[in-house]
């Protein structure tokens, strides 16, 4: 037996064994045991993905496991990439979760129900990319959605906001499921089969309108799972309210599967399509990237900030996938392969630094019980390891060297810039806009994470919780340390992934392009004659930074004056936390610049002294930046549904005769439709 089926079988056994372990084991060993089983799912599941990236291919059919259709599984380099990423994230987060639940005991993620569901959720993250038929894919997709929903609800007893977030998540994820089911039904009916092999073979005989309908339905469904506009409303609600370990799995592994579905269906099964397909994908990706990072810049809730950052990064990934489809449609497979390789590498990089950032945010919440940046501060001295790990993850998120997000965004920019050579008015207009989106999102991301680090970790503590914070336990730090090591490896030697990325691109159909060759310490782009060595860039930055710091200290010593007198403070006393920038005040200039996009809501409440209308007792200022799409799109729909529900209540008057009449007229209508051949 080869490595891939053996590893998948072992991962399935570990995941299934984790469920009863979470239910029956006593509290003192439950967290560690379930964490070990879940980590095992990640290790062996990721190993199967690594084997597929190395060139192994495998497929199998289990006829009796599902009625009628059976279970179809297949693993190639593309699915192997997503399985390897999910496995790595699951393994590290499982170690982190074992330490995270030690404080929660019987509540939240430490409860028996949540512990039973956690390994099953981890298993679905590994198995979804291995599905090779519509029925198998939809079954695993729905299991992933249900298990993640149950984990989002883990802390519902403590906060009412958790239940509201879970309702939003359930509705949005099942709306995506309905669209996905409709798209696959049309596809399978036209192709004459439901296996991916049959779908791939039947695409050539479909009309352009049917192929376009399938693409639109599945793309909207998959991008909703990835957190892209306009079906993104669940993401900034569910991620903050879920336990931090679950947030890390959802943001660093689950959202990736939306990208996997888009690539698998749009580029592989459908074999690409006309330019408007990919312009739609690029528009969704670009708008999500800019809108997501703008909302992150306004957010004061640390986990909500990270959730919107996920929307931004997934937007950049879909932007790259759309560019790949556009270049392929224009006949330039070399640039298409480069854009797709850049998008897939950013999936890997985002998974590493976002899991680390959510882990660090969970460490802060565990130590303080607070997510609001305006109530934090002073954590660098009290939680130095967590602060350093958050800084490393933030460096990757801002796409600056030596962060691991830099290389993938550099590759994405290379593909867009060299894509200007592709003839056509469309590329001449769209690609400069795409370059601007990437640059703008990177600049805003820098402001976002400077705010998070400066206000949350380096400023003075603004509350008793932050002042009394203590470092997290060893298991949590170990899990974050594994993710930090992955970030460092991806930042310094990303060329080691080159051959695997090339095989993943070839699995889509761009055979022979080999856009990113594995060069160990260097990344070589064969088609555009570009070479980059992130390790040498990092070394040069370290040397330059050391020289600047040494020069600054030397100059400071020369200017230093010994004095016993206290500096004049204008009578105001020593600085207090109230004098420092808050997250809200830090974001205020950006809010002014993007006022028309963000549409902030501001209110000033003035209370006058009773004896005089001219004297003010207190002034209360409120500033809120709502999600404008949710405010303008979802609220009217919800109000309409609520009104329809109220009107429909009149039909249920309690009369048996009325109910019999409804049934009679419904039956007559159905018979008439059957008679006319509807």
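The values are calculated or read from the model by the stated rules, or taken from the named source; none is laboratory data. Quantities reported herein were computed from a predicted structural model and do not represent experimental measurements. Cβ sites come from the backbone with ideal geometry, for glycine too, and all protein chains shown count toward neighbours.
Screening 7, 39 for residues that are buried (at least 16 other Cβ atoms within 10 Å of the Cβ) and either closer than 14 Å to residue 99 by Cβ or out of contact with any helix residue (DSSP H, G or I) (no Cβ under 9 Å at 6 or more places or on another chain) (or both) leaves exactly one candidate, 39. Of the helices (runs of 4 or more DSSP H) lying entirely inside the stretch 454-513, the ones with 1 or more residues being in contact with a strand residue (DSSP E or B) (Cβ under 6 Å, 6 or more places away or on another chain) are found at 498-508. Here's a check for you: in the stretch 191-211, which residue that is more than 21 Å from residue 76 (Cα to Cα) and surrounded by 17 or more Cβ atoms within 10 Å (Cβ to Cβ) is modelled with the highest pLDDT? Result: 211. For the stretch 616-641, the tally of residues that are surrounded by 10 or more Cβ atoms within 10 Å (Cβ to Cβ), free of Cβ contacts under 8 Å to residues at least 60 places away in the same chain and in a helix (DSSP H, G or I) stands at 9. Is it true that some residue in the stretch 62-73 is assigned to a helix (DSSP H, G or I), farther than 16 Å from residue 131 by Cβ and either touching a residue at least 60 places away in the same chain (Cβ under 8 Å) or outside the structural domain of residue 482 (by TED's automatic domain parsing) (or both)? Checked against the condition, which is being assigned to a helix (DSSP H, G or I), farther than 16 Å from residue 131 by Cβ and either touching a residue at least 60 places away in the same chain (Cβ under 8 Å) or outside the structural domain of residue 482 (by TED's automatic domain parsing) (or both), the stretch 62-73 yields no hits at all. Taken over the stretch 22-39, the criterion of being more than 26 Å from the chain's Cα centre (by Cα) and part of a helix (DSSP H, G or I) is satisfied by 22, 23, 24, 27, 28, 29, 30, 32, 33.
Of all residues in the stretch 133-158, those that are under 17 Å from residue 97 (Cα atoms) have Cβ atoms under 8 Å from Cβ atoms of residues that are surrounded by fewer than 19 Cβ atoms within 10 Å (Cβ to Cβ), 6 or more apart or on another chain, in 150/113; 153/163; 154/113; 155/107. On the stretch given as the stretch 214-248, residues that are assigned to a helix (DSSP H, G or I) and either touching a helix residue (DSSP H, G or I) at 6+ places or on another chain (Cβ under 6 Å) or surrounded by 21 or more Cβ atoms within 10 Å (Cβ to Cβ) (or both) total 24. Considering 179, 118, 175, 150, the condition of being over 20 Å from residue 242 (Cβ atoms) and within 23 Å of the chain's Cα centre (by Cα) is satisfied by 179 alone.
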